[in-house]
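Visitor: First the structure, which I've put down as structure tokens, then a few questions once you've had a look.
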Amino acid sequence: MPMDLKSLYRAVIMDNYKNPKNKGLTKGDKYEFVHLNNPSCGDEMNVEVLVEDGVIKDIHHDGHGCSISMSSASVMSETLKGMKVSDAKRIILEFYELVLGNLPENEEELGEAIAYQGVKDFPARIKCATLSWKAIEKALSEVEKKNG
Ligand code: ZN
């Protein structure tokens, strides 16, 4: 990866860490809530999602942990908000591949999440990067179970 791209990606991660988007839970009745932790780093992640008519209307997150896990939750919420659940599930899988070093066919779809491709060089941080994505994946499957 070129150095200028590396520093751009680092800037995306630090900006989302310092100024997280969609942070703070509503605890609304219509939201599906999931808590996950990452014992290897000590990250704690809460994610809630509002799904209506198969579309992700809203996402919030809260928790504490390292800059990778916390910034990734902000980026995840911005990336997936407004998507159909079916599209979001595909993007989530693409993100899991991305942090292993496998770029998706359509990089645009991942938005700022593309910044986490450098994580592949730090295998211990992969669980940090994917924590919030695992949480929303679980929340979306709970929603689907409830809706039959
Ligand atoms: Zn972490």
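The values are calculated or read from the model by the stated rules, or taken from the named source; none is laboratory data. What you see is a predicted model; the values in this text were computed from it and never measured. Positions of Cβ are backbone-derived with ideal geometry, glycine not excepted, and every protein chain shown enters the neighbour counts. Heads up: the accessible areas ignore ligands, DNA and RNA and are worked out on the full protein's heavy atoms, side chains in. Shrake-Rupley method; radii C 1.70, N 1.55, O 1.52, S 1.80 Å.
Visitor: Give me the residue from segment 37-71 that is of a type in the set (S, T, N, Q) and in contact with a strand residue (DSSP E or B) (Cβ under 9 Å, 6 or more places away or on another chain) and, out of that set, farthest from the ligand (Cβ to nearest atom).
Guide: If we take residues in segment 37-71 being of a type in the set (S, T, N, Q) and in contact with a strand residue (DSSP E or B) (Cβ under 9 Å, 6 or more places away or on another chain), then Asn46 is farthest from the ligand (Cβ to nearest atom).
Here's the yes/no breakdown for (1) farther than 21 Å from Glu32 by Cβ; (2) β-branched (Val, Ile, Thr):
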| site | (1), (2) |
| --- | --- |
| Cys66 | yes, no |
| Ser71 | yes, no |
| Thr79 | no, yes |
| Gly82 | no, no |
| Glu94 | yes, no |
| Leu98 | yes, no |
| Glu109 | yes, no |
| Pro123 | yes, no |
| Ile136 | no, yes |
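Visitor: Consider Val12 against the criteria (1) away from the ligand (no atom under 16 Å from the Cβ); (2) open to solvent by less than 10 Å² (accessible area, probe 1.4 Å); (3) in a helix (DSSP H, G or I); (4) β-branched (Val, Ile, Thr): it satisfies all of them except one. Which criterion is unmet?
Guide: (2)
Visitor: OK, next. Just give me the residues in segment 115-148 being open to solvent by less than 70 Å² (accessible area, probe 1.4 Å) and without any contact (Cβ under 8 Å) to a residue 60 or more places away in the chain, in sequence order.
Guide: Hits for segment 115-148 are Val119, Ile126, Thr130, Glu137, Ser141.
Visitor: If you don't mind, another one. Could you pull out the residue among Ser86, Ser7, Ser72, Ser77 that is touching a Ser or Thr at 6+ places or on another chain (Cβ under 7 Å) and in a helix (DSSP H, G or I)?
Guide: One residue alone meets the criteria, Ser72.
Table: residues versus (1) farther than 21 Å from Tyr9 by Cβ; (2) touching a Leu at 6+ places or on another chain (Cβ under 8 Å); (3) at pLDDT below 95; (4) surrounded by 24 or more Cβ atoms within 10 Å (Cβ to Cβ).
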| site | (1), (2), (3), (4) |
| --- | --- |
| Leu50 | yes, no, no, no |
| Ile59 | yes, yes, no, yes |
| Gly65 | no, yes, no, no |
| Met76 | no, no, no, yes |
| Thr79 | no, yes, no, no |
| Ser86 | yes, no, no, no |
